[in-house]
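Written out below as structure tokens is the structure these notes cover.
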Amino acid sequence: MHKEINFEDAIEQVLTSDGGYTQGNPNDYDAERALFPQDVITFVQQTQPKFWQRLADLNKDKADTVLLDSLVKELRSKGMLTVLRQGFKCFGKTVKMAYFEPNTGMNPEAFTRYEQNRLTITRQVTTTTGAIPD
């Protein structure tokens with residue numbers, strides 16, 4: 001008998017074993033913002049450390065909130081694809097949310113940035129409480 005859960009299991013298994021994805025936690029989902037806040041923050045900290053340090057210096061312990069609020073605002077006004085392709089503005093700087101594979105190997109830094117993309121698969125979440133109960 002075919003069941004949706006088996007299909008989900010197969011997709012998850014292929015993505016995590018062969019596709020370069022890591023397993024996410026549905027309990028980390030922020031339903032109000034419709035994203036995984038810690039994934040966003042960690043990606044920016046690791047890929048754009050100079051920007052992150054500047055933001056943290058200016059905003060002290062509110063840097064996370066400032067970053068996430070800026071992202072959510074631009075996602076609502078411009079949409080996910082535009083933000084992924086072009087980044088979003090935060091404190092006058094463009095923050096990247098993805099790095100695309102370079103056409104050539106002439107710039108090793110571009111390839112390094114591309115490899116820093118975070119691919120995560122997370123099982124179903126709800127829009128009200130986060131993870132779907134077992």
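Remark: the chain is approximated by an ellipsoid whose semi-axes, taken from the C-alpha gyration tensor as √(5λ), come to 28, 21, 13 Å, largest first.
Placing a pseudo-label 7 Å from each Cα along the Cα-to-Cβ vector at V66 and L15 gives an inter-label distance of 3.3 nm. Between N25, L35, F100, the Cα set farthest toward the positive side of the dipole of the chain (charges on each charged residue's Cβ, about the Cα centre) is that of F100.
Available extension along the chain between K78 and R123 is 13.6 nm, counting 0.36 nm per residue and deducting the alpha carbon span.
Suppose a student asked you for the relative contact order of region 17-76, using Cα pairs under 8 Å spaced at least 6 residues apart; what percent would you report? Present the calculation step by step, with values, prior to reporting the outcome.
Working: 20 pairs, mean separation 13.9, N = 60.
It comes to 23 percent, rounded to a whole number.
Taking 0.36 nm per residue of separation and subtracting the Cα-Cα distance, full extension of the segment from N59 to R33 would add 7.3 nm.
Helical content of the chain, expressed as a calculated mean residue ellipticity at 222 nm, amounts to -15000 deg cm²/dmol (DSSP H runs of 4 or more residues, -39,500 (n - 2.57) each, divided by residue number, nearest 500).
Solvent exposure of region 34-75 amounts to 54 Å² per residue of accessible area, where only protein heavy atoms count and the probe is 1.4 Å.
Taking Cα pairs under 8 Å and at least six residues apart, what relative contact order does the chain come out at, in percent?
Details: 128 pairs, mean separation 46.2, N = 134.
Once normalised by length, the contact order is 34 percent.
Is region 48-100 rounded, prolate or oblate when judged by the Cα gyration tensor, a ≥ b ≥ c being the square roots of its eigenvalues, rounded requiring a/c under 1.5 and prolate requiring a/b larger than b/c? Taking the square roots of the gyration eigenvalues as a ≥ b ≥ c, region 48-100 is oblate. If one takes the longest principal axis of the Cα atoms in the chain, at what angle in degrees, from 0 to 90 and to the nearest 10, does the Cα axis of helix 49-59 lie? That helix lies at roughly 80 degrees to the long axis.
To put it simply, the accessible area of the chain at a 1.4 Å probe is 52 percent carbon and sulfur.
Using 0.36 nm per residue and subtracting the Cα-Cα separation, the extra length available between T42 and K89 on full extension is 15.2 nm.
The values are calculated or read from the model by the stated rules, or taken from the named source; none is laboratory data. Treat the numbers as computed from the prediction; the structure is a model and nothing was measured. Neighbour counts are summed over all protein chains in view; Cβ atoms, including those assigned to glycine, are modelled from backbone coordinates with ideal geometry. Please note that ligands, DNA and RNA were not included when accessible areas were found on the heavy atoms of the full protein model with its side chains. Shrake-Rupley method; radii C 1.70, N 1.55, O 1.52, S 1.80 Å.
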